[in-house]
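Data first, discussion second: the structure below is written as structure tokens.
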4 protein chains.
Amino acid sequence: MQFEIDVMLDYQLAEPADVLLQIEVAQMPDQRLIGDTLTVSSPEPLRPVAGGDAIGQRTWLRADGVLHIRYSAIVEVTRRRPPLLTLEAAPARLLPAEAVPYLMPSRYIGSEQFEPFVESRFGGLEGGAKAAAMLDWIAAEMAYVPGASHGATCAADSFVERQGVCRDYAHLLIGFARAAGIPARMVSAYAPNVAPQDFHAVVELWLSDGWHLVDPTGMADPDEIVRIGVGRDATDIAFMTILGSAEMKAQRVDVVRLP
Amino acid sequence: MQFEIDVMLDYQLAEPADVLLQIEVAQMPDQRLIGDTLTVSSPEPLRPVAGGDAIGQRTWLRADGVLHIRYSAIVEVTRRRPPLLTLEAAPARLLPAEAVPYLMPSRYIGSEQFEPFVESRFGGLEGGAKAAAMLDWIAAEMAYVPGASHGATCAADSFVERQGVCRDYAHLLIGFARAAGIPARMVSAYAPNVAPQDFHAVVELWLSDGWHLVDPTGMADPDEIVRIGVGRDATDIAFMTILGSAEMKAQRVDVVRLP
Amino acid sequence: MQFEIDVMLDYQLAEPADVLLQIEVAQMPDQRLIGDTLTVSSPEPLRPVAGGDAIGQRTWLRADGVLHIRYSAIVEVTRRRPPLLTLEAAPARLLPAEAVPYLMPSRYIGSEQFEPFVESRFGGLEGGAKAAAMLDWIAAEMAYVPGASHGATCAADSFVERQGVCRDYAHLLIGFARAAGIPARMVSAYAPNVAPQDFHAVVELWLSDGWHLVDPTGMADPDEIVRIGVGRDATDIAFMTILGSAEMKAQRVDVVRLP
Amino acid sequence: MQFEIDVMLDYQLAEPADVLLQIEVAQMPDQRLIGDTLTVSSPEPLRPVAGGDAIGQRTWLRADGVLHIRYSAIVEVTRRRPPLLTLEAAPARLLPAEAVPYLMPSRYIGSEQFEPFVESRFGGLEGGAKAAAMLDWIAAEMAYVPGASHGATCAADSFVERQGVCRDYAHLLIGFARAAGIPARMVSAYAPNVAPQDFHAVVELWLSDGWHLVDPTGMADPDEIVRIGVGRDATDIAFMTILGSAEMKAQRVDVVRLP
């Protein structure tokens, strides 16, 4: 399955600033990058650095005045996914080093607060079945409401407020999973069928000795998700961090499944 | 119905401090104080001041070294309570001045956060029936766990953590009620059958043009509650505020229904 | 000294809602209301209720579609203010009932957090001299930056961020004062020379057995402040609370000192 | 310079639980581990995994009933440290991948909140001189008060409260540094002269293309610090995480400089 991705970001900076970009498709075994181009209106050369967990990359750049960014990519996704219900959770003490940080609370995800709820609601299930029940709960209880959350909204807020966007859905599922002893990380991604079309945030759960993609919003089919980067929560996967102030002029993300 | 109340507080102060006490039974039409005595080991005379909403009283005192407080009271409660389900909620714009502050969020109760949940879960009900459904939800979902919460725990925390003590149950019900447009205030009280026996916190809801007592923990029969004071949340009804540091040596609350 | 006040609020509501307005000048000994008019495009009669601490008033109203509010007033202020430095702080145990709630932390003002700082920075001073030093500190350390704070910003946030608007300045001074044992309440007000001209928020400190106006932003001369209402923090003195959603179309506040 | 480290942890578990231990000295170029022994009363073999940033290690273990842990080590520290004032800060856009995560806010460190303060207080300085001024500010303004903070205390709380322990000092310095664009990470460590003797938390700043140890409490000489692990904040460097509940019976940390 091939996807064509096209991104356009237009910002205006009052003063020169360093910018960290994280919009490029990660080259990974289940998503092969056929080709991509990043064009930036920068006075200096771009400086790519490895992304978190050595997945994908971030790009440092210098911006001044008009910041015009254009990214296009073609990527082939061939993901062989076992059914969620067949996946198993390992006891914590058998987790590898790479999964350990994703068991801990993080900035937007105070996962330990969810423990009694997760135990009482999902305690009778294990592994993939437990994760599936969490996804069902979120689908039933949460409303997707653009504008209902903001940059400081954390997983506990979303649990109380019962509304949010993809970022909030992801935080909530990650909070539930970690509270149940299942490592969970957040993934920035491209996917078709995201409405309104934008950068998307989904989740990877560590089950049966590997990371498994799920989308708590239900908008993206996990077979059609193209990863950009991974991290503990929204902090780590921001598509752009401007170390200064800027005004957004225009922004567009297009993801099309090629026939 | 008569109750005998006996309280003993023993604290040790390293330095002299002013202390605000709020443990005396409020004289009110539905709870007639037959007699009470407050004895304090203070170097200065006690200074009573009116309590919040002109209900009950607080007492200022000066303490140094050993602070030994003893309070005993006999009170007759004759409360004629209409069934909760018969009570009606007024539109906000008909609320009197005394109910208005209890519609607003307060320190521990960010009630506006609960609005979508309250609307989706209880939106089909009105007035007393809505309040009864909130009480049922709390009874089903919350676990009474002494030590699970602390001084900074707010209503949203309790909603996430699904456990707490009387203070947390009260905050949560008040949060739900205010989110539904029902003014709600917190009441410090004495009641028999509170286990472990201690100062108790319950709730008053403004319905059918009056305040109506309910106990979200279900431990106290509203006919057997003896009010001390009222306020917006735990901040206002603390039984003792020491403007300095002190160590608790012993503390005992006894409430007995007289035959 | 006479002031002419003129307010215009234009909002658009998608659905009918109850609205609580708090924009009318409070009739008080040191600010005599010569005349005022409130006009509201409401389908129902307005319902005034007493304001907090029985100062001023709030007005309930019903709104639907276009909400057009116009308020104009002429008020004479004759305030005899003793110099701040001559005012004295009473020991907490001598405070009257009306001052007690203003010693406590409130929703946006976790005053107890400031105690070590307030003790180390202002501990050597008393009463009015201590308050003056707090005002000096705020003037030196805070920057008035419209847009830097938002509805959830609390006093501790403002202390960390060192910027905000009148609401944040007031929260911070109140936090300092309460941490020092000086009761402090927040006052919504009109004043000339507020830039940009808008509703203003200032502070009253309880010193020498009375409330004394101060403006931590330094924009308003305390002799020229016209009070609307008082309360524990921004929660209580909102100029308008709409129990539903609305869009602001236009808003204007004019305060002119008459010659 | 050689150090002998001796740690004893005694806990009691009501139910079997998985435990993540992070107390072993990291083998690194500037701290050579001459020998160490970890003894745990566990029914299963210990499972070591690499620590964060591939520094040091964590150890998974299974515990039940009595958990008795003993760790002893001898380590040689030969740290060649350039003077702090000679170190230089790179522009953000030249930072390598390993430093990038340490520029971001994390769970206990909302570093972006400190930006205006850091700019106004330290804005005239650069690199090591800026860091030195931050250390001076912390030394002058903070009081080391065991018990003044708790598990939820964040950097902003410590900034407001002006007191705390090594964890809070480290969070605050890291918050200042990140707000100034200097990557900063938290380090769990052993050091002599820590009073009371315990696990210690210090900071590494990314300056002049490398990590440089500093101790914002001033208790440990950076030449005498023995690193255990590194991370974004206290979350990552906990010496023990028990996935269940346990009671501490006894705990002792001894660090002695060998003659």
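Residue-wise test of (1) acidic (Asp, Glu); (2) in the same structural domain as A:Thr59 (by TED's automatic domain parsing); (3) open to solvent by 10 Å² or more (accessible area, probe 1.4 Å); (4) without any contact (Cβ under 8 Å) to a residue 12 or more places away in the chain.
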{"position": "A:Trp137", "(1), (2), (3), (4)": "no, no, yes, no"}
{"position": "A:Glu141", "(1), (2), (3), (4)": "yes, no, yes, no"}
{"position": "A:Cys154", "(1), (2), (3), (4)": "no, no, yes, no"}
{"position": "A:Asp157", "(1), (2), (3), (4)": "yes, no, yes, yes"}
{"position": "A:Asp168", "(1), (2), (3), (4)": "yes, no, no, no"}
{"position": "A:Ala195", "(1), (2), (3), (4)": "no, no, yes, no"}
{"position": "A:His212", "(1), (2), (3), (4)": "no, no, yes, no"}
{"position": "A:Ile228", "(1), (2), (3), (4)": "no, no, no, no"}
{"position": "A:Ser245", "(1), (2), (3), (4)": "no, yes, yes, no"}
>> Tell me yes or no: at least one residue of segment B:98-110 is in contact with a His (Cβ under 8 Å, 6 or more places away or on another chain), at pLDDT 95 or above and of a type in the set (A, V, I, L, M).
In response: yes
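Which of the following residues is assigned to a loop (DSSP other than H, G, I, E, B) and assigned by TED's automatic domain parsing to the domain that holds C:Arg227: C:Glu88, C:Glu24, C:Glu44?
It is C:Glu88.
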> Does B:Asp53 meet the test of being open to solvent by 40 Å² or more (accessible area, probe 1.4 Å) and modelled with pLDDT of 95 or more?
Replying inline: yes
> Just checking, how many residues over segment A:25-49 are farther than 17 Å from D:Ala99 by Cβ and either among the β-branched types (Val, Ile, Thr) or in contact (Cβ under 8 Å) with a residue 60 or more places away in the chain (or both)?
Replying inline: 8
> Out of (1) over 26 Å from A:Ile182 (Cβ atoms); (2) of a type in the set (D, E, K, R); (3) within 14 Å of chain D (Cβ to nearest Cβ), the odd one out for A:Arg70 is which?
Replying inline: (3)
>> I'd like the full set of residues that are over 14 Å from the mean Cα position of the chain (by Cα) and over 13 Å from C:Leu84 (Cβ atoms), limited to segment C:207-220.
In response: C:Asp209
>> Can you confirm whether C:Leu125 is farther than 30 Å from B:Met240 by Cβ and more than 14 Å from chain B (Cβ to nearest Cβ)?
In response: no
> Can you name the number of the only condition in (1) surrounded by fewer than 21 Cβ atoms within 10 Å (Cβ to Cβ); (2) modelled with pLDDT of 95 or more that C:Leu87 fails?
Replying inline: (1)
> If you take the residues in segment B:1-38 that are open to solvent by 60 Å² or more (accessible area, probe 1.4 Å) and under 21 Å from C:Leu95 (Cα atoms), which one is nearest to the other protein chains (Cβ to nearest Cβ)?
Replying inline: B:Pro16
> What single numbered condition from (1) surrounded by 21 or more Cβ atoms within 10 Å (Cβ to Cβ); (2) out of contact with any Asp or Glu (no Cβ under 9 Å at 6 or more places or on another chain) fails to hold for B:Val75?
Replying inline: (2)
> So is D:Leu94 out of contact with any Asp or Glu (no Cβ under 8 Å at 6 or more places or on another chain), of a type outside the set (Asp, Glu) and more than 8 Å from chain A (Cβ to nearest Cβ) or not?
Replying inline: no
> Just checking, how many residues over segment D:56-66 are of a type outside the set (D, E, K, R), assigned to a strand (DSSP E or B) and open to solvent by less than 60 Å² (accessible area, probe 1.4 Å)?
Replying inline: 4
>> Please verify whether B:Thr217 is away from chain A (no Cβ under 14 Å), touching a helix residue (DSSP H, G or I) at 6+ places or on another chain (Cβ under 9 Å) and over 18 Å from B:Ile23 (Cα atoms), treating the condition exactly as stated.
In response: yes
>> Name the single residue that is least open to solvent (accessible area, probe 1.4 Å) among those in segment C:90-116 being without any contact (Cβ under 8 Å) to a residue 12 or more places away in the chain and aliphatic (A, V, I, L, M).
In response: C:Ala97
> Which condition number does D:Ile174 fail, the rest of (1) surrounded by fewer than 17 Cβ atoms within 10 Å (Cβ to Cβ); (2) closer than 20 Å to D:Ala90 by Cβ being met?
Replying inline: (1)
> Is there a residue in segment A:135-152 that is within 25 Å of B:Gly175 (Cβ to Cβ), within 14 Å of chain D (Cβ to nearest Cβ) and touching a strand residue (DSSP E or B) at 6+ places or on another chain (Cβ under 8 Å)?
Replying inline: no
> Inside segment C:210-222, can you point out the residues that are within 17 Å of C:Ala180 (Cα to Cα) and either aliphatic (A, V, I, L, M) or modelled with pLDDT under 95 (or both)?
Replying inline: C:Val214
>> Being buried (at least 21 other Cβ atoms within 10 Å of the Cβ), of a type outside the set (A, V, I, L, M, F, W, C), modelled with pLDDT of 95 or more and touching a helix residue (DSSP H, G or I) at 6+ places or on another chain (Cβ under 9 Å): is that true of D:Gly124 here?
In response: no
>> For the condition small (Gly, Ala, Ser), more than 10 Å from chain C (Cβ to nearest Cβ) and touching a residue at least 60 places away in the same chain (Cβ under 8 Å), what is the one hit in B:Gly56, B:Gly52?
In response: B:Gly56
> Which members of segment A:166-184 meet the condition of being under 15 Å from the mean Cα position of the chain (by Cα) and within 14 Å of chain B (Cβ to nearest Cβ)?
Replying inline: A:Asp168, A:His171, A:Leu172, A:Gly175
>> When the residues of segment B:39-50 are narrowed to those that are of a type in the set (Gly, Ala, Ser) and within 16 Å of B:Leu20 (Cβ to Cβ), which ends up surrounded by the most Cβ atoms within 10 Å (Cβ to Cβ)?
In response: B:Ser42
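Would you say A:Val187 is away from chain B (no Cβ under 14 Å), open to solvent by less than 10 Å² (accessible area, probe 1.4 Å) and touching a helix residue (DSSP H, G or I) at 6+ places or on another chain (Cβ under 9 Å)?
Working: away from chain B (no Cβ under 14 Å): yes; open to solvent by less than 10 Å² (accessible area, probe 1.4 Å): yes; touching a helix residue (DSSP H, G or I) at 6+ places or on another chain (Cβ under 9 Å): yes.
In short, yes.
The values are calculated or read from the model by the stated rules, or taken from the named source; none is laboratory data. Since the model is a prediction, treat every value here as computed from it, not as a measurement. Because the Cβ atoms are built from the backbone with ideal geometry, glycine has one as well, and the counts that use them run over all protein chains shown. The accessibility values were calculated without ligands, DNA or RNA, using every heavy atom of the protein model including side chains. Shrake-Rupley method; radii C 1.70, N 1.55, O 1.52, S 1.80 Å.
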